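Worksheet for the structure shown next.
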Amino acid sequence: MLQDSGFIGVEIGEAVDTFGGAKGEDNARAFEVYGYAFMAHRST
Amino acid sequence: MAEDLLVDPEALRAQVRGKYREVAVDPGASFHFHTGRDLARRLGYDAAAVGTLPDRAVESFAGVGNPFSLRPLAPGEKVVDVGSGAGFDSFIAAGQVGPRGQVVGVDMTPEMLAKSRHTAEALGLAHAEFREGLAEALPVEDDWADVVISNGVINLCADKQAVFAEIRRVLRPGGRLQFADIANGRPVPVAAMRDIDLWTG
């Protein structure tokens, strides 16, 4: 989707256990939901 | 509603406003996600930078990752924070870009905006301001930003393509998008994705 929107050079960081220990942990585990950092540049 | 969207954008916005109004006015309440300083530690934010911020700048933080982890911002950069909430990431950004830079936070929840504006004033941050607006219609001129940041916001927008197009509009050519968000490793059933109550927990 980023590339379709005119971004290039997409980088993705390590997965972070965003919901571990929170009330939403069970749902997060069920669908393997993690937080990620993304970086991309606007194409010229 | 556009046929290819899973939920009605305005209904989802109302749901999101309600949830994050709670986070703004009662950050100590129990949510399905972590908040505040504990969350900032969990997500790997720079402890020294977070430690300089007062509680009101941190307590309503509800991000899902660290948009600064892949690359810190540079002094003098102009930054837009999409869905700035109570301003935590904007204040971290303001520290990184310094007084020669500029930070514009954009949020749609009045209680979050009031909180971020009050904190910026209390901190004397003349180079950070907060504007009311939507991720799909940012109140920022074309090609203005060197960097757009966002944290846990785009997944709460019904039309993500529209959000990315708007972010591209406000970025200068070659500018960077640095955002954090959630992604699932297993497919979520379509019926669940159409259930608006599940979008905000």
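Which value, in debye to the nearest 20, gives the size of the charge dipole of the protein assembly as shown about its Cα centre, when Lys and Arg are +1 and Asp and Glu are -1 at the Cβ?
On the way: 24 positive and 35 negative charges, 95 e Å.
With only Lys, Arg, Asp and Glu charged at Cβ, the dipole is about 460 debye.
Which of the trypsin sites (Lys or Arg not before Pro) found in the range B:125-201 are loop residues per DSSP with 16 or fewer other Cβ atoms within 10 Å of their Cβ? Let's see the in-between values first.
Numbers: sites: B:R131, B:K160, B:R168, B:R169, B:R176, B:R194; in loops: B:R194.
Hits after loop and neighbour filter: B:R194.
Which GluC sites (Glu not before Pro) in the range B:120-201 sit in a loop by DSSP (not H, G, I, E or B) and have at most 12 other Cβ atoms within 10 Å of their own Cβ?
Values: sites: B:E121, B:E129, B:E132, B:E136, B:E141, B:E166; in loops: B:E136, B:E141.
Loop-located and lightly packed - B:E141.
Please report, largest first and rounded to whole Å, the three semi-axes of the ellipsoid equivalent to the range B:18-63, where each semi-axis is the square root of five times an eigenvalue of the C-alpha gyration tensor. Mind showing how you got there, number by number?
Details: eigenvalues 74, 27, 9 Å².
Listed largest to smallest, the semi-axes of the range B:18-63 are 19, 12, 7 Å.
List the residues of the range B:173-191 whose backbone N lies under 20 Å from a point placed 7 Å from the Cα of A:E11 along the Cα-to-Cβ direction.
B:173-183
Using the Karplus curve 6.51 cos²θ - 1.76 cosθ + 1.60 with θ = phi - 60°, work out ³J(HN,Hα) for each residue of the range B:148-161 in order, rounded to whole Hz, and write x for Gly and Pro.
Karplus values, whole Hz, x for Gly and Pro: 10, 10, 6, 8, x, 10, 5, 5, 9, 9, 5, 10, 5, 4.
Mind giving me the nanometre distance, one decimal, between the label points for A:A30 and B:R186, set 7 Å out from Cα along Cα→Cβ?
0.9 nm
Across 5 Å bins from the origin, how do the percents of Cα pairs in the protein assembly as shown run, short distances first?
Calculated P(r), rounded to whole percents: 1, 7, 14, 19, 22, 19, 12, 5, 1, 0.
In µm²/s, what is D for the range B:115-195 at 20 °C and 1.002 mPa s, where D = kT/(6 pi eta Rh) by Stokes-Einstein and Rh is the Kirkwood radius from Cα pairs?
145 µm²/s
Net charge within 13 Å of A:E11 by Cβ-Cβ distance, Lys/Arg positive one each and Asp/Glu negative one each, not counting A:E11 itself? Spell out each step's value before the answer.
Working: positive: B:R71, B:R176; negative: A:E14.
Spelling it out: positives minus negatives among the neighbours equals +1.
Which whole-number percent of Cα pairs in the range B:9-199 have a distance greater than 29 Å? Could the numbers behind the result be given before it?
Numbers: 3006 of 18145 pairs.
Taking all Cα-Cα pairs of the range B:9-199, the fraction more than 29 Å apart is 17 percent.
Once you have the Cα-Cα distance between B:H118 and B:R56, take 0.36 nm times their residue separation minus that, and quote the gain in nm to one decimal. Let's see the in-between values first.
Details: separation 62, 0.36 × 62 = 22.32 nm, distance 0.94 nm.
Taking B:H118 through B:R56 to full extension adds about 21.4 nm, to one decimal.
Convex hull volume of the Cα atoms in chain A, per residue, in Å³?
Numbers: hull volume 3.3 nm³, N = 44.
Cα-based convex hull of chain A, divided per residue, equals 75 Å³.
For every helix of n ≥ 4 consecutive DSSP H residues, a contribution of -39,500 (n - 2.57) applies; sum these over chain B, divide by its total residues, and give [θ] at 222 nm rounded to the nearest 500 deg cm²/dmol.
On the way: 9 runs with 76 residues, N = 201.
Per the formula, -10500 deg cm²/dmol.
So, in nm, how far is label B:R21 from label B:R172 when the simple model puts each one 7 Å beyond its Cα toward the Cβ?
3.9 nm
Each residue of the range B:113-120 in turn: what ³J(HN,Hα) in whole Hz from Karplus with 6.51, -1.76, 1.60 and θ = phi - 60°, glycine and Pro shown as x?
4, 4, 5, 5, 5, 4, 5, 4
I'm checking a number: the convex hull volume of the Cα atoms of the range B:75-118, normalised per residue, in Å³. What is it?
Working: hull volume 2.3 nm³, N = 44.
Hull volume normalised by residue count: 51 Å³.
To the nearest µm²/s, what D does Stokes-Einstein give for the range B:13-121 at 4 °C and 1.567 mPa s, using the Kirkwood radius over alpha carbon pairs as Rh? Present the calculation step by step, with values, prior to reporting the outcome.
Values: Rh = 14.0 Å.
This corresponds to a translational diffusion coefficient of 93 µm²/s.
No lab work stands behind these numbers, since they all come straight from the coordinates. Bear in mind that the values here come from a model prediction, so they are computed numbers and not experimental data. Reconstructed Cβ throughout: ideal geometry from the backbone, glycine too, with neighbour counts over all protein chains shown.
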